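Novice: Right, I'll just put the structure down here and ask away after.
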Amino acid sequence: MENHASIEAPANPATPDERRYRDADGLITMCIGCHRMQQPDTDNWDVIPQWEASPPDQVTGGLCIPCFQEQYARYRPRSDDAVA
Ligand SMILES: [Zn+2]
């Protein structure tokens, strides 16, 4: 008989360092569009699957640059429409 000892998944080696993502107020900014996490004071937005599944405390919503541009493009009237 095989004895299947409970094998726990190893701690995820890619667990991010929260301190890298907290701003001066202790908040982490998550893009509401794609759920990337911003590194404070940078334009770096990182995909962190662990946090998408279970976000850390004190997360605030934001928009990363690609998502911002996408939203902006969506609501911006097309210039063709303005031509009489
Ligand atoms: Zn985004």
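Novice: Between Gln71 and Asp41, how many nm apart are label points set 7 Å from Cα along the C-beta direction?
Specialist: Here the answer is 2.4 nm between the modelled labels.
Novice: Among Leu27, Leu63, which comes first, then next, by fewest other beta-carbon atoms within 10 Å?
Specialist: Details: Leu27 16, Leu63 19.
Lowest count first: Leu27, Leu63.
Each reported figure results from applying straightforward, stated rules to the coordinates on display, with no laboratory input. Since the model is a prediction, treat every value here as computed from it, not as a measurement. Reconstructed Cβ throughout: ideal geometry from the backbone, glycine too, with neighbour counts over all protein chains shown.
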